[in-house]
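Comments concern the structure below.
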Ligand code: AMP
């Protein structure tokens, strides 16, 4: 039974969104004013001489653009317990730890109630649009979500990933209850200390409530794919638990066992039914609708670095729609998916102009100051939210209510159009270059396209790439690109050599091609990994404090990231050198 809570008025949420986006420029000015007034006493702003001015022009003239590196000294003081108003008027008492998987190491960021509110607003907005197209009422969600460890910093502040801070926050919990959508799994499973045990129990809870499940979700698509890959391995064990009403002895956490014992009762009919369904599936195609017949859609971030998992997700989803979630970060929530009917490949995100003050750096300027150009760095001149141009790409800059002012997020987005007067963005990539040795410039997206091209050769042999990453190997002269792959089958030497050549040829950037032709960059190397290697990498990040549902596979591993490189090199089973330019 669902607890009686006041239902959210979804039409009102949509009306509010319409009003906010019709007047995005004014809303932006007001949002900036609110942020600057609330935090006027913060040391950071005081030192910049704003003297109470809150208009965008003065703000831009006095406040510099900043990256996480520039923020670090302030965060260090906060973490170490300096309780003065450093970044915000009301001192920060909670910090969040970004997953760190994109940049190598977790970053500390300020977190507060106001930032929590941005997440509530964004979730409610996209839910209202989603529910209009795909109504869900009094259903259950099979959500593969995991709270990470929360811990106290040296100075006594609470620290956890932003999703963990969010899931534990009372405001967020009560707002989610208003959506009338209950998670299948008890809190003990979500916040369990062992990711593998939590995942197993999420699956078990889903099966117990299979008829009520109306939604299958996670923060990132990767976690949903990972969950069903695990299902393929453990479904018989899950059925045994259901048949006997006894939880597998592999789940050892007492709080999880106690919580699960309240749900798990012997149910041989259900076990038999699930077994029959699993055995009837062809290569697990359509697994989700077959096992959870009332599911309306699959929901999670499916754009950006999650795109490589979409085809596998489609395989599990059969005919069910895939709906990508919203666009946000540990640095705050940014934009909502208000066109839920569009497939992930076409999804855009509408910026919510009241969540922060947003600016956009044109790409040529952004690149110059990212070390991507030989020209000296001139200060980039960002444009405002309503000044961006359709068809152009920009780097996102955010000012949020938790003490980030003109913070460069490191994401590149493309303006696809406008919803009223707010831009609708497509997520393009992280702004940093992944692979560069000489005059070559290859981004996360270029790598993805190369892997997709070679992945087609693998798919012809009925296998697939489970996951991938890359590395620049400068220990050889000349340096060369290394691509690491995990595949789910025994590919022939011939096929893998062909894939290696295909990868090398698929980096079409002129700098790479000419450097390869002149041997300024050596032959690309494909290193094939033992099955389960990416699981080890995920476990490594979880061990550092990341939440499993917030983890993203690093698409490039820097030499400084020695532990991940070590895991990779210890698990290489075969390697190939390209002959594409011989
Ligand atoms: P984190 O640093 O762990 O909070 O992750 C935030 C980052 O995830 C963002 O800066 C983006 O690079 C990425 N991200 C978040 N939402 C999306 C989305 N909807 N599509 C693509 N990438 C996203």
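The values are calculated or read from the model by the stated rules, or taken from the named source; none is laboratory data. Small disclaimer: the values here were computed from a predicted structure and weren't measured. Cβ sites come from the backbone with ideal geometry, for glycine too, and all protein chains shown count toward neighbours.
Some values worked out for this structure:
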| quantity | calculated |
| --- | --- |
| Search result, residues across segment 312-327 that are within 13 Å of the ligand (Cβ to nearest atom) and buried (at least 23 other Cβ atoms within 10 Å of the Cβ) | 323, 324, 325, 327 |
| Test: residue in segment 152-167 that is more than 16 Å from the ligand (Cβ to nearest atom), free of Cβ contacts under 8 Å to residues at least 60 places away in the same chain and surrounded by fewer than 21 Cβ atoms within 10 Å (Cβ to Cβ) | yes |
| Boolean, residue 39 is in contact (Cβ under 8 Å) with a residue 60 or more places away in the chain, at negative phi and in contact with a helix residue (DSSP H, G or I) (Cβ under 8 Å, 6 or more places away or on another chain) | yes |
| Criterion violated by residue 100 - all others in (1) at pLDDT 95 or above; (2) within 16 Å of the ligand (Cβ to nearest atom); (3) outside any helix (DSSP H, G or I) satisfied | (1) |
| Scope segment 399-439; condition in a loop (DSSP other than H, G, I, E, B), within 14 Å of the ligand (Cβ to nearest atom) and modelled with pLDDT of 95 or more; matching residues | 400, 402, 404 |
| Unmet criterion (only one of (1) part of a helix (DSSP H, G or I); (2) surrounded by fewer than 21 Cβ atoms within 10 Å (Cβ to Cβ); (3) modelled with pLDDT under 95) for residue 372 | (1) |
| Segment 387-398, subset in a strand (DSSP E or B) and surrounded by 22 or more Cβ atoms within 10 Å (Cβ to Cβ), residue farthest from the ligand (Cβ to nearest atom) | 394 |
| Members of segment 423-450 found to be over 20 Å from the mean Cα position of the chain (by Cα), within 18 Å of residue 526 (Cβ to Cβ) and surrounded by 22 or more Cβ atoms within 10 Å (Cβ to Cβ), listed by number | 435, 440, 442, 450 |
| Long-range neighbours under 9 Å by Cβ, at least six apart or interchain, first residue at positive phi within segment 318-341, second in a loop (DSSP other than H, G, I, E, B) and more than 11 Å from the ligand (Cβ to nearest atom) | 318/285; 318/286; 332/355; 332/356; 332/400; 332/401; 332/402; 332/404 |
| Number of the exception - residue 158 against (1) farther than 20 Å from residue 10 by Cβ; (2) in contact with a helix residue (DSSP H, G or I) (Cβ under 7 Å, 6 or more places away or on another chain) | (2) |
| Test for residue 31: is it part of a helix (DSSP H, G or I), within 16 Å of the ligand (Cβ to nearest atom) and within 19 Å of residue 406 (Cα to Cα) | no |
| Filtered residue count, segment 280-311, keeping only those that are modelled with pLDDT under 95, away from the ligand (no atom under 16 Å from the Cβ) and not in a loop (DSSP other than H, G, I, E, B) | 1 |
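Yes/no matrix, rows are residues, columns are (1) modelled with pLDDT of 95 or more; (2) touching a strand residue (DSSP E or B) at 6+ places or on another chain (Cβ under 6 Å); (3) more than 30 Å from residue 558 (Cα to Cα):
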{"site": "106", "(1), (2), (3)": "no, yes, no"}
{"site": "125", "(1), (2), (3)": "yes, yes, yes"}
{"site": "135", "(1), (2), (3)": "no, no, yes"}
{"site": "146", "(1), (2), (3)": "no, no, no"}
{"site": "162", "(1), (2), (3)": "no, yes, no"}
